[in-house]
Structures are given as structure tokens and as C-alpha cells.
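Notes for the one structure printed next.
The values are calculated or read from the model by the stated rules, or taken from the named source; none is laboratory data. Owing to the predicted nature of the structure, the values given are computational and were not obtained by experimental measurement. Note that each Cβ is placed from the backbone with ideal geometry, even for glycine, and that neighbours are counted across all protein chains shown. We work out accessible area using only protein heavy atoms, side chains counted, and drop any ligands, DNA or RNA first. Shrake-Rupley method; radii C 1.70, N 1.55, O 1.52, S 1.80 Å.
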Amino acid sequence: MTRPELATAATDAFARIHGGAPDGLWSSPGRVNLIGEHTDYNEGFVFPFAINRHTVVAARLRDDRMVRVSSGLRDGVEEVAIDDLAPDALGGWSAYALGVIWAAGQLGTDLSEARGLDLHVESDVPLGAGLSSSAALEGAVAVAIDELWGLGLDRRTLARIGRLAENEAVGAPTGIMDQSAVLLGQRDSGVLLDCRSLESTIVPLAFEAQGLAVLVIDTRVEHAHANGGYAERRASCERGAAGLGVSSLRDVAVDDLERAEQVLDEETFRRVRHIVTENARVLAVVDALRDSGPRSIGPLLAESHASMRDDFEISVPELDLAVSTAVAAGAIGSRMTGGGFGGAAIALVERDDLASISQRIHEAFAAAGFTEPATFEVLPSQGATRV
Ligand code: GLA
């Protein structure tokens, strides 16, 4: 769906479910991470971009203190009083939306006089594909309440609100990359984010300008961040930092790895090596884009994927096959993107090769007996905004 179609769907459903017209529509994109995986919660560097897949929220102020939220993807309306918002009281899909309102209150917004809201959500960000459908919902609700309640919060604060919602209301121990990407993105550009200072720089990608395209290969292997591997990797990183006597792995340089190998157990060392080298690769990609243009970043994307596969061990056979097939079919570079354990890979390709590379990937998946992947192009796009 295009964004105007989503907006129309949201307006129509809003009228049907809540009655009348919304006060406005706000939209947030999903994101693709170009490079910098699992570095965000280690206070490192990430380099994602917002994409042309969106979540649109139709919203209207109420005269009471209730928040009522509905979605095109589910039946029914979830309802809670602003005074009753608390992580324990929230669950299911609506925890993302309602959690943002709770989190705003935790991070300095006075909710005691805030008017209630009717909200309806429509989205074409695929769920569970590693394209941040959750951050898209958080981002759209964040910009909606910012404007409807006249909060005047900056994007960095809105991103922190989204992360708090995700961590506490949803219960997923993620970093701040996704919320930052969807709130700060710009057309044909990436967001270089220092996850320690939260300083961000918009860096032109020039994919569009140079005739390149980004192919997403959604393996349809489902990942769930709230449980299992993600939290375990985060714990290994904390163990590694503690073993090296630093507060976070941001403070470990590539030159320190030799010493780290002597101090840490073998597995923790490999986890640490991924984070440390990935931070360096993020900065190298930004330099390469500036100095030599987008066709020069392929080897860094390949190294990043190998590091996630071998050192951090968050890839799955479907992701490895997507990446190796894309490269064999002529992609400039390819890697898995997002938290891992399933989800999507990306391939940077010449626009003219999009169809042939995508076909080769479908054939390879069929030959391997894997579930058919979904392949589609995404464009680096503008971040969350009023529609
Ligand atoms: C998920 C999390 C992010 C980040 C990535 C891995 O997308 O939400 O905070 O940690 O995984 O880079």
C-alpha cells in the first residue's frame, strides 16, 4: 500500500470504529539497518535508514481520560484510562502504542491533565521481518501525542520514549537504534547514530542518485526479541565488558582484542569481537560512502555478515543462503539486518539487476526446501511525520 492508501484506510476505519473524523494522521516508517548490529545497547555506532513502508495512526483527542486503540490487523478495541497505564497493565500488540503514552509520562511529560485519545492503526510494515514494525508503531504514536498534546519534544527524546515503551511495556530488552532510525531518517540518506551520546548525523547514501537499489529478502523465519537469543547476546556483551573492566564494549578498541582473547572465555571473546569490529565497520562504511561512493561498501557488508554468522552466531541457514545467493548473483553487498535469528537480509544491487537477483534467491530457497521468501525493494526515506 502507498502512504495515501494507508491514510485513507486509517480514516475509514477510524470512522467505523470510533465514529467521526480523526484530528489528524501521523505516520512513521519502518527501518532497515545498513550496518551496526547489536552495537546499540553496547553504546556503539549504528547506521540504519528509514524505509518506504509505514505505520499510520489516525488520532483524536477525547473529552475524558480514556485511551482507546484499534488496529486494521486485529479485531476489537483496547481501552485503558491514562491513570491506569503501567507496564504490568499492558500486553499484546497495543502495549507498543499504550506503552509510548506511559513512557512519555516516565520521561518528564505531565500526564495529569492530558486528554484521552482515540487511535486507529494501519500498517504495511511486515510484522516479524526485522524491519521494525514495532518502532514504526511507537514512532507514529510518539509524533501524534507530541503534536496533539503540544509537548514540543525533540526527536531524540521521542526515540527515548519509544525505547522505554519497548523495554518496559513490551518487555523486549532492545537498544535505541530502531526508534532513532524511524524518527530521524531522511530521503536517500542513512542515520549515523552514536548510541552513547545519542548524537546523530545524516549521511547521504546516494543509492537512488547512483542507480542502486536495496532488495529486502524476508526469510519468513520468525524472530521474537522478547525471548531467547537477543537477551542472551546482550548478557554475553555485559559479561565481556565486565571481564575487561569497562562499563560498555564501546570502550574496547580493535587493538584491545588481543588482550581480550587472553582474559575472556572463547565464546564471550567472539561475542566481544563482533561488537568491537562492527563498530569499526560502521565508521568505515560512512567513510567509504563519503570518499568512494556506495559501490565501495560491499566488502564491509560481507564482513559484517560473516561476523554475525561466525562470532555473534545470530544468523540462520535461510539468511546465509539469501546473502550468499545475492552476492553470487551480482549484488554489490549483502548481509542480514536487524536482531537476527530469522527476519530479513538486505542486498545492495544495481537497479537493473533487481529482478534477476531476486529470482535467483527464490530459486535457491526452493532448491534448499526452504519456505518461499518475500523479496521487495525498499527506498531510504523520510522519518516519522504528520500526513
Ligand atoms: C533489534 C533491536 C535493536 C538492535 C538490533 C540489532 O532490531 O530492536 O535495538 O539491537 O536488533 O542491531
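Observations on the model:
- If you run the Gaussian network model on the chain, springs between alpha carbon atoms under 10 Å, then out of 341, 207, 376 the most flexible one is 376.
- Along the axis of the charge dipole computed for region 334-387 (Cβ charges of +1 for Lys and Arg, -1 for Asp and Glu, origin at the Cα centre), the listed residues 341, 382, 370 are led at the positive end by 382.
- The spread of Cα positions in region 198-304, taken along each principal axis and listed from longest to shortest, comes to 46, 35, 26 Å.
- Fraction of beta bridges assigned by DSSP in the chain that are antiparallel (%, nearest 5): 90 percent
- With R₀ set to 41 Å, the beta-carbon distance separating residue 79 from residue 386 gives a calculated FRET efficiency near 0.95.
- Every Cα-Cα pair in the chain was counted, and those over 35 Å apart are 25% of them.
- Remark: the chain carries 38 Å² of accessible area per residue (probe radius 1.4 Å; ligands, DNA and RNA excluded).
- Accessible area of region 212-378 belonging to carbon and sulfur atoms, whole % at 1.4 Å probe: 47 percent
- Projected over all directions and averaged, the alpha-carbon convex hull of region 3-204 occupies 10.3 nm².
- As a rough guide to protection, the peptides 329-337, 125-133, 179-187, 108-116 ranked by mean Cβ packing within 10 Å, highest first, stand as 179-187, 329-337, 125-133, 108-116.
- Here the dipole of region 212-378 is about 260 debye; that uses its Cα centre as origin and unit charges on the Cβ of Lys and Arg (positive) and Asp and Glu (negative).
- Among the protein heavy atoms of region 3-204, carbon and sulfur supply 43% of the accessible surface, probe 1.4 Å, non-protein parts ignored.
- The Cα center of region 1-40 and the Cα center of region 41-75 differ in position by 7 Å.
- FRET efficiency for residue 127 and residue 351, using Cβ-Cβ distance with R0 set to 25 Å, rounded to 0.05: 0.35
- Estimated dipole of region 3-204 in Debye, rounded to 20 [Cβ of Lys and Arg +1, of Asp and Glu -1, Cα centre]: 380 debye
- Region 212-378: projected area of the alpha-carbon convex hull, averaged over directions, in nm²: 10.3 nm²
- Distance between the modelled labels on residue 110 and residue 201, one decimal in nanometres: 4.0 nm (7 Å Cα→Cβ projection).
- Each principal axis of the Cα cloud of region 347-386 was taken in turn, and the coordinate range along them, longest first, works out to 44, 23, 11 Å.
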